[in-house]
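The values are calculated or read from the model by the stated rules, or taken from the named source; none is laboratory data. Everything quoted here is computed from the prediction, not taken from an experiment. For neighbour counting, all protein chains shown are included, and Cβ atoms are generated from backbone atoms with ideal geometry for every residue, glycine included.
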Amino acid sequence: MEERKEEIEEQVKKEAMEEKEDTKEEEVKEEEKSGEEEIRNIIKEMEEEEAKEGENEESLRKITEDYLPKRLRKGEIIKAIVVKVDDDGALVSIGRKSETFIPLKELTRTKVSSAKEVVHEGEEIDVYVVRTEGPMGDLVLSKRRADYEKVWRKLKEAYDNQEPLEGEITKVVKGGLLIDLGIPAFLPRTQLELDIVRRKDLLNYVGKKFPVKIIEFDREIRKVICSRRIILEEEKERERKEYFNELKEKEGEIVVGTVVGIVEFGVFVDLGKGVEGLIHLSELTWGPRKPPRQVVRKKQKVRVKILKVDPENERVSLSLRQAKPHPWENIMEKYPPGTIVKGKVIRFLPLEQLLK
């Protein structure tokens, strides 16, 4: 009766722990979801500002497009040459009779005191057609909006090709970090390192630059989620494969490793960089076979000989006994003929006995 009671108590404890783990995982996911939403709102505010500035241009475009032949299209990105630069803006040419003036606020999102900090005379730049020329107004161009549009295209291309992008961590948000890739993107704390980063340590990453890969992208809902962990895993795997080739060249050599696993058929040894080798039961001792746990223990440092390395199948065969001298190598020095020694009889044969 008492044993049954203990079993029930143990089962209740186990279920409580599992429920706690599930709750913790749900909290992390909820945090990341809140962080994504916060960053989407930041991008939304940026785009609403763009839309507000373009409302008047849109109404004028509708009036002019019915009466004038289209040469330029609203939303198009074209090349322009900077003709003149003043503090309040720049004059650019797109190959027409007259030049177009771009005010400072349409040159960059960054706060600067002069357009001379952004562009230079003779420089070729990309500009966004905000409004086409017509009877209701002149041509309106924006380098700032062209840069913004190019960023989205760059992010889409990087996402499609799974290419890394470098960004700077600018802010801690719920569930992770905000990383600047030209527009704000979300870097969950679960995707920051190989192990999950604690919330209290996130502030240490602000101001640092990291390469990341985009793992989720949806411009319509302003969703850009990144991962640094994927890049770290790829680097670790690349180093691991290179290390297999290095070990291949060391076949026959003695190396030092750490016992990480003990099973009935042998012992697993960590050789570094995520590579493990196997000491088969037959390669543990020179004498009669013993259970592996009687020969080594976990976390023990051992000297082993590399017998064979198969990089393609990622296998390494090791020997513990061959890293030591063979008992018969110096037998004549240990036991010269005529020496009297003590021994233990381990087997009786018809005409002789075996002593150890």
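Listed values, structure above:
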| read-out | value |
| --- | --- |
| Matching residues in region 218-237 - criterion: being within 19 Å of VAL173 (Cα to Cα) and hydrophobic (A, V, I, L, M, F, W, C) | ILE221, VAL224, ILE225, CYS226 |
| Residue identified as acidic (Asp, Glu), touching a helix residue (DSSP H, G or I) at 6+ places or on another chain (Cβ under 8 Å) and closer than 24 Å to ILE225 by Cβ among GLU149, GLU163 | GLU163 |
| Considering residues of region 213-225 that are in a strand (DSSP E or B) and more than 9 Å from the chain's Cα centre (by Cα) only, the residue farthest from ILE43 (Cα to Cα) | ILE215 |
| Every residue from region 325-348 that is among the aliphatic types (A, V, I, L, M) and at pLDDT below 75 | ILE331, MET332, ILE346 |
| So ALA185, is it within 13 Å of LYS213 (Cβ to Cβ), of a type in the set (Gly, Ala, Ser) and crowded, with 20+ Cβ neighbours inside 10 Å | yes |
